[in-house]
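Coordinate-derived values only; no laboratory data. These figures come from a predicted structure and were not determined experimentally. In this analysis, Cβ positions are derived from the backbone assuming ideal geometry, glycine residues included, and neighbour counts consider all displayed protein chains.
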2 protein chains.
Amino acid sequence: MRMEDMILVSVDDHICEPPDMWQQHVPAKWKERAPRLVHKPDGSDVWLFEGKQIPNVGLNAVAGRAPEEYGMEPTALSQLRAGCYDIDARIEDMNANGVLGSLCFPSVPGFVGELFGREAKAGQRELAITMLRAYNDWHIDEWCGKYPGRFVPLAIPPIWDPEEMAREVRRVAPKGCHAVTFADTPGGLGYPSLHSEHWDPFWKACADEGTVACIHIGSGTGMNLQDPDAPVEIMIATTPATLLNCATELVFSSIFTKFPALKIALSEGGIGWIPYLLERIDYVHEHHHRWTHHEFPGGKKPSEVFREHVICCFIDDAIGVRNRDAIGIDNITWECDYPHSDTTWPNAPEILWRSLAGLSDAEIPKITWQNAVRHFQYDPFKHIPKEQCTVGALRAQAKHVDLTLVRGRGGKKPSDYARGYCTVGDIMKQMTGAFSTAFDSDARV
Amino acid sequence: MRMEDMILVSVDDHICEPPDMWQQHVPAKWKERAPRLVHKPDGSDVWLFEGKQIPNVGLNAVAGRAPEEYGMEPTALSQLRAGCYDIDARIEDMNANGVLGSLCFPSVPGFVGELFGREAKAGQRELAITMLRAYNDWHIDEWCGKYPGRFVPLAIPPIWDPEEMAREVRRVAPKGCHAVTFADTPGGLGYPSLHSEHWDPFWKACADEGTVACIHIGSGTGMNLQDPDAPVEIMIATTPATLLNCATELVFSSIFTKFPALKIALSEGGIGWIPYLLERIDYVHEHHHRWTHHEFPGGKKPSEVFREHVICCFIDDAIGVRNRDAIGIDNITWECDYPHSDTTWPNAPEILWRSLAGLSDAEIPKITWQNAVRHFQYDPFKHIPKEQCTVGALRAQAKHVDLTLVRGRGGKKPSDYARGYCTVGDIMKQMTGAFSTAFDSDARV
């Protein structure tokens, strides 16, 4: 097999929402209250919703910038590569990277729709569910719908109400959406834990519909923060493995016992730590179950429960690929993380190919597309002949795409670099006000 | 090589302090104020120190119990296997397990001497340093001294004062002690972080003396706790990998740049996640350093910094051993964790041998003893002929040791098992009052 012959499906990319996304899917009586993008006198863009501003139009959406400028946090859509928010440009960027399919997480609403969840908590439940449904409809019908076969649709859940979550899962499934986001630690958002029966209606709906719950890093606990003086690389390097805790919680929870058909995907967690975790949980179960009285149905080992129910993915993870037998080759998928700073775009095929050295022609497709296609009920070949889906074929369509790294696009700098390098504290100061705050009226609306 | 021919040095075991430990090493004027063990009317033992009681005489020291009773938290020395606190019995238990050498962490003072640190903070600095020095002298001269060649001495640091820490490191080094404890996240104990210059005198002393700082899981952040309803296995399984954060902090800190001779050991962290971490930190460094401006001296990669300075260990970790090339075979050591519930005692050789399947006769000794001997300046063969140090030779001396698992030793049960299995909340309730609290006067002193 040659690199050019791979078919790539990325199960973790990100959308920066375009301003017109609310036009088609909000009923007339609610239209006035939909989020809208506001251009401020200082050149920045903020989303305005219920009197609050959300300035993170493109949180860490730096694809296409020179690496020297990854730290400049975009403050306006004009500072982003168009592929971040424009569906036609996104397809061209996917083609240039040889990527056939993409599952895209939201930005402005938060990973699990917290933006709407806050309104629901404040009593505005009808507003919240209306906007959430409009978001999902836009995502499925427009973002994913315009280029059939190119996207794995991903809904956000009405996180404030498990019965409503179940209804939404069942509403979007017939539209072809078999993925929905969930939080690694719901307690981090003020909701009950994974060990509460609270979520059962949601899990049941996912199991019934064959819908995968996708748990992205940072979705409940946020980034893994250290002391403000710590170099920021520590936060960046350690955050993916925070899903080690979530994976263990899932396996030992009663979720999979109650809902044997349920599948959960860990997004942006990497895979190299999973062989360790599976050995460790088997050791702990074997070593301790006689006094804890915790058992798995049918006398299963916890590693077996993991392999039956948990899907994982990686950006660049040679050690995880090396130990694929210890993970389970049918559970491993791949991601690109476009347009965030960790992305391998536009060199994903070259970087991935390096990690896949030595794999058989039967193994490579499982990781690069077959597992994703099966788990997410995604059928690209219904729309696009398979021979047009390869890295080589897609790149051939994208020869005109400008991949020159750009400088000077602008944005907000990390704070003062007082220690000579960027610290966790510098980034925390940079992000001050990047999330929902009271609307600053010094703005052109 | 045969299993019986291995030489085993365990770099992580635990002492439950014996009552007579304060007799020889506290100056007369302070003797009255030394901690003392109090037998209470309810049959329990507590340590009494400065008006406070510390009931954890043998926190999780359950070696020798039937696994059904691992959850019964010992509340008196009489409930422990004698090897927990009696040096002669300890040697017999080591022999029965084929273990030549052992590095033992403290129990009652806390991993980094927090018991004394609290007194120092309250203004009792002379009391604190007196008791701390007495502890270290007892540990080195009596516990390790009685059986030359059988222990790797480990000091606790006067954590409240880095200059005092440096003095203690330099004081104990000529006594043959080249290991000292430190905390994974000093901020968790109210001290400055690993990124503060605060600790420099301590690191300098360690580098000068060739003393290894040993960072045990739970020493700063405690156990990795989940929701009270979570099965307790999640806490047990995930706590070792909390050192992934600490390892990353160490590598990206300026400690090793300032003190190039310094070595730090991660204790009870396991090793299977390290190949993933090393690949991840190299990716993050390569991908982000152009905007973070963080560089390593000589253009090193972070994985190289790790391999030059960080020592790791495992109890049972086949996947880490499989990937030893990606860790660095000279950094890997082994541990037994006697007498805690995760221990492989008394079957450590059999369990370890399984993980070492396929390793060469040159590789096995590195992991089982050579690395420990070199890093900790530990020379057992000065005292004991090498042929008497093997698993087979030691076990031959221990045929009389009773290894029958015992039941009914007693202790405090986890709370109510209301969910049918032991939860994190059950253990949290069980541990209520297990640490320093006001002395309960209902006691025979």
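Among A:ALA434, A:ALA205, A:ALA237, whose mean-square fluctuation peaks in a Gaussian network model of chain A (Cα, cutoff 10 Å)?
Looking only at A:ALA434, A:ALA205, A:ALA237, the biggest GNM fluctuation is shown by A:ALA237.
Taking a label point 7 Å from Cα toward Cβ, how far is B:ALA362 from its twins in the other copies, in nm, shortest first?
Shortest to longest, the spacings are 3.6 nm.
Once you've got the GNM for chain B with C-alpha springs shorter than 10 Å, pick whichever of B:GLY117, B:GLY272, B:GLY408 has the biggest mean-square fluctuation.
In this elastic network of chain B, the residue with the biggest mean-square fluctuation among B:GLY117, B:GLY272, B:GLY408 is B:GLY408.
Please work out the FRET efficiency for the pair B:ASP86 and A:LYS258, using the Cβ-Cβ distance as r and a Förster radius of 60 Å; give the result to the nearest 0.05. Numbers along the way, then the final one.
Details: r = 49 Å, r/R0 = 0.81.
Efficiency for this residue pair is about 0.80.
Which value, in nm² and rounded to one decimal, describes the direction-averaged projected area of the C-alpha convex hull of region B:78-122? Write out the running numbers ahead of the final one.
Working: hull surface 16.9 nm².
If you wrap the Cα atoms of region B:78-122 in a convex hull and average its projections, you get 4.2 nm².
Can you give the FRET efficiency to the nearest 0.05 for A:ARG290 and B:ASP208, using r as the Cβ-Cβ distance and R₀ = 41 Å?
FRET efficiency, A:ARG290 to B:ASP208: 0.25.
Are there DSSP H segments in chain A that both extend 20 Å or more along their axis (alpha-carbon positions) and score a mean Kyte-Doolittle hydropathy of at least -1.0? List them, or say none.
Values: long enough: A:274-292 (26 Å, -0.91).
Flagged H segments are A:274-292.
Modelled label-to-label distance, B:GLU350 and A:ASP416, 7 Å Cα→beta-carbon offset: nm?
6.3
Treat every Asp and Glu Cβ in chain A as -1 and every Lys and Arg Cβ as +1, leave all other atoms uncharged, and give the resulting dipole magnitude about the Cα centre to the nearest 20 debye.
Details: 44 positive and 60 negative charges, 122 e Å.
Around 580 debye, computed over chain A.
Place the label 7 angstrom along Cα→C-beta at B:HIS39 and in each other copy, then list the distances from the first to the rest in nm, shortest first.
Nearest to farthest, the other copies are at 8.5 nm.
Using packing as a proxy for protection, rank A:318-329, A:186-197, A:244-255 so that the peptide with the highest average count of other Cβ atoms within 10 Å comes first. Please report the intermediate quantities before stating the final value.
On the way: A:318-329: 19.8, A:186-197: 17.9, A:244-255: 24.3.
Output ranking for A:318-329, A:186-197, A:244-255: A:244-255, A:318-329, A:186-197.
Can you list the aspartates and glutamates whose alpha carbon sits under 18 Å from that of A:LYS40, skipping same-chain ones fewer than 8 residues off?
A:GLU17, A:ASP20, A:GLU50, A:GLU73, A:ASP440, A:ASP442
Counting pairwise Cα distances across region B:108-222, what percent come out greater than 25 angstrom?
Details: 980 of 6555 pairs.
Summing the P(r) of region B:108-222 above 25 Å gives 15 percent of all pairs.
Taking beta carbons within 10 Å but only from partner chains, what does the mean come to for residues A:315-328? Walk me through the numbers before you get to the answer.
Details: counts 3, 4, 4, 5, 10, 3, 0, 5, 7, 0, 0, 5, 0, 0.
Whole-number average of other-chain Cβ neighbours for A:315-328 is 3.
What are the distances, in nm and sorted shortest first, from the label point of A:ASP88 to the label points of the same position in each other copy, with each label point placed 7 Å from Cα along the Cα-to-Cβ direction?
Spelled out, the distances from A:ASP88's label point are 9.0 nm.
Give, as a single signed number, the net charge of other residues whose beta carbon lies under 12 Å from the beta carbon of A:GLU308, with Lys and Arg counted +1 and Asp and Glu -1.
Details: positive: A:LYS263, A:LYS300, A:LYS301, A:ARG307; negative: A:GLU304, A:ASP330.
Net charge in that neighbourhood comes out at +2.
If you stretched the chain out fully between B:ASP42 and B:GLU142, how much longer would it get, using 0.36 nm times the residue separation minus the C-alpha to C-alpha distance? Intermediate values should be presented prior to the final figure.
On the way: separation 100, 0.36 × 100 = 36.00 nm, distance 3.12 nm.
In short, 32.9 nm is gained.
Roughly what % of DSSP beta bridges within region A:1-151 run antiparallel, to the nearest 5? Let's see the in-between values first.
Numbers: 7 of 13 bridges.
If we restrict to bridges inside region A:1-151, about 55 percent are antiparallel.
Using a Gaussian network model on chain A with a 10 Å cutoff between Cα atoms, which of A:ALA348, A:ALA396, A:ALA362 fluctuates the most?
Among A:ALA348, A:ALA396, A:ALA362, the largest mean-square fluctuation in the Gaussian network model of chain A belongs to A:ALA362.
Using only the alpha carbons of region A:92-174, what is the convex hull's orientation-averaged projected area in square nanometres?
Taking the Cα atoms of region A:92-174, their convex hull projects to 5.6 nm² on average.
Using only the Cα atoms of the protein assembly as shown, what do you get for the radius of gyration and for Dmax, in Å?
Values for the protein assembly as shown (Cα only, Rg and Dmax): 28.7, 89 Å.
Out of all Cα-Cα pairs in region A:1-68, roughly what percent, to the nearest whole number, are more than 17 Å apart?
For region A:1-68, the fraction of Cα-Cα distances above 17 Å is 62 percent.
Could you check the spin-label model distance between A:ASP402 and B:ALA438? Points 7 Å from the Cα along Cα→Cβ, value in nm.
Here the answer is 7.4 nm between the modelled labels.
With a sphere of radius 12 Å drawn around the Cβ of A:ILE215, what net charge do the other residues whose Cβ falls strictly inside it have (Lys, Arg +1; Asp, Glu -1)?
It works out to a net charge of -3.
From Cα pairs below 8 angstrom and at least 6 apart in sequence, can you work out the relative contact order of region A:1-102, rounded to a whole percent?
Details: 118 pairs, mean separation 29.8, N = 102.
Rounded, it is 29 percent for region A:1-102.
Mind jotting down the three principal axis lengths of chain A based on Cα atoms? Whole angstrom, largest first.
64, 53, 52
Taking the alpha-carbon distance from A:LYS301 and a cut-off under 14 Å, which aspartates and glutamates remain once sequence neighbours fewer than 8 residues away in the same chain are dropped?
Within the straight-line limit of under 14 Å, A:LYS301 reaches these aspartates and glutamates: A:GLU279, A:ASP282, A:GLU286, B:GLU233.
Ratio of region B:1-132's C-alpha Rg to 2.2 N^0.38 Å, to two decimals? List each step's numbers first, then the result.
Values: Rg = 16.9 Å, N = 132, 2.2 N^0.38 = 14.1 Å.
Dividing the Cα Rg of region B:1-132 by 2.2 N^0.38 Å gives 1.20.
Taking beta carbons within 10 Å but only from partner chains, what does the mean come to for residues A:241-248? Numbers along the way, then the final one.
Details: counts 8, 2, 0, 8, 10, 3, 3, 11.
For this peptide, the per-residue mean of nearby foreign Cβ atoms is 6.
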